[in-house]
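Take a look at the structure below.
The values are calculated or read from the model by the stated rules, or taken from the named source; none is laboratory data. Computed from a predicted model, the values in this text were never measured in an experiment. Here the Cβ positions follow ideal geometry from the backbone for every residue, glycine too, while neighbour counts run over all protein chains shown.
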Amino acid sequence: MPHRMRLTRRSLLLAGAAAMAGGRVMAAPEPVEMAMIVPLSGPWARQGQLVRMGAEMAVADINRAGGIKALGGAPMRLIEADAGDSPETAKNAAQRLVSQYPKLVAGTGAWLSSFTLAVTEVTERAHLPWITLSYSDAITNRGFHYIFQSSLPADEQAKELLPAVIDLATNATGAKPKSCALIQDNTAAPMSFVKPMLAGGLAKAGIALLVHETYTPPLSDATPLIEKVRTSNPDFLFLIVSSVPDNVLILEKLAEMGLSHAKLPVVGNGTPLVTPELLKATGPEIVDGVIDSIANWPIKGDEKLVAEFKKRTGEPWMTQDSLDGYGHVMIVAWALEKAGVADREKVAAAIRAMDTTTGPARYFPGKSLKFDARGRRVGAPLILVQWQNGVPVTVGPAQFAAAKAIWPKKQA
């Protein structure tokens, strides 16, 4: 599969080719190169495109504001590579990028956890600091020193989501749910997410797992999966799937078989459940009511950034992908200002020492940024988003909520 590496036109904006000072021509500061590897082809391409939109917007904003001040106004340059559709193609892209661009100071991506695990084997050897929103706990459990995970890892997300779902259902219906079904794919993040549930989390919470189906994406037919769910009649369904097309197939099949939200609440994880494409492919009557757990989402105070993003891109809202793409570039710019030099070791050291509630922290829920020794973000919360009237809105935790979550009473 062909790969694409290109320099974004916006990231090449310079204040001028040279400046006159004392009769001498002063060369413009050299651009600072930052890498981005995301899927731009294959089944996860849309998510990669959304990350790119946010990252390119951040680079443009930084350069428009005068570049990196500590480096004499050096502009940032975003160098992109396509992760493709497999860990192998993602890893190959990382190898070519590191080889061809030796001046890279940091990078971000590769979206799908399976891709990120492969890419960071390369970037770790190159001592290239890498910031990712990927969820798998394995990403920061390998003893790597140059990886920074801005999201709450999937295993921790699962531990927080289960009691939140139980409380939500109990408060809405007056009765604690007793059973669930689980459909997942076998990519890294879903596997990490379900692990604590299967290892005793569900049993300890008193939730019987009536159906558990795992498949290898892409999904060709959701009928056998949904038949088992319908027959088992669970109180709710966990849908832990990493691609938009597969979510479309499953949600449409649920509706076709009479399992609307009023009959079967659906709880998911990850950004593929809250993208505009899901709405376009299904319609509000299919998606409304679906609850998604996610690591980042625009909350109160982000209105101006979201408005600028919508105007710039034409997108109907800003997803986690674009928000993190923007925030990750801002983290690198912050680290460059602290380091005072375009050196990957010093940039990594600055990110390790980061402990701030300002600057790039504004683009992450909780509005604080600090990473522990493993590279995990300290205090990263879990955000709950629900489709309501054809729009995904934040419904939890309470301090971030823009609307009240809806959980229907189970019908006989």
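If you go through the stretch 78-108, how many residues are farther than 22 Å from Leu50 by Cα and among the β-branched types (Val, Ile, Thr)? Qualifying residue count, the stretch 78-108: 2. Taking only the stretch 372-396 into account, find how many residues are touching a residue at least 60 places away in the same chain (Cβ under 8 Å), farther than 13 Å from Asp292 by Cβ and under 18 Å from the mean Cα position of the chain (by Cα). Of the residues in the stretch 372-396, 5 are touching a residue at least 60 places away in the same chain (Cβ under 8 Å), farther than 13 Å from Asp292 by Cβ and under 18 Å from the mean Cα position of the chain (by Cα).
The set of residues in the stretch 74-127 being part of a strand (DSSP E or B) and of a type in the set (Val, Ile, Thr) consists of Ile79, Thr108. Considered as a group, the residues in the stretch 269-322 that are at positive phi and surrounded by fewer than 19 Cβ atoms within 10 Å (Cβ to Cβ) include one that is modelled with the lowest pLDDT, and that residue is Gly301. Flag not set for Ala164, criterion: outside the structural domain of Gly42 (by TED's automatic domain parsing) and part of a loop (DSSP other than H, G, I, E, B). Of the helices (runs of 4 or more DSSP H) that lie entirely inside the stretch 174-265, not one contains 2 or more residues that are hydrophobic (A, V, I, L, M, F, W, C), surrounded by fewer than 19 Cβ atoms within 10 Å (Cβ to Cβ) and more than 25 Å from the chain's Cα centre (by Cα). Listed by position, the helices (runs of 4 or more DSSP H) contained in the stretch 289-400 that have at least 1 residues being over 22 Å from Leu71 (Cα atoms) and in the same structural domain as Pro39 (by TED's automatic domain parsing) are 303-313, 320-339.
With respect to the conditions (1) out of contact with any strand residue (DSSP E or B) (no Cβ under 8 Å at 6 or more places or on another chain); (2) outside any helix (DSSP H, G or I), Met34 falls short on a single one, namely (1). In this structure, Arg77 does not satisfy being modelled with pLDDT of 95 or more, of a type in the set (D, E, K, R) and either within 15 Å of the chain's Cα centre (by Cα) or at positive phi (or both).
Would you mind stating whether Val378 is among the hydrophobic types (A, V, I, L, M, F, W, C) and under 19 Å from Asn269 (Cα atoms)? Considered against the rule, which asks whether it is among the hydrophobic types (A, V, I, L, M, F, W, C) and under 19 Å from Asn269 (Cα atoms), Val378 comes out as no. When residues in the stretch 41-99 are screened for being more than 30 Å from Asn247 (Cα to Cα), touching a residue at least 24 places away in the same chain (Cβ under 8 Å) and among the aliphatic types (A, V, I, L, M), 12 of them pass.
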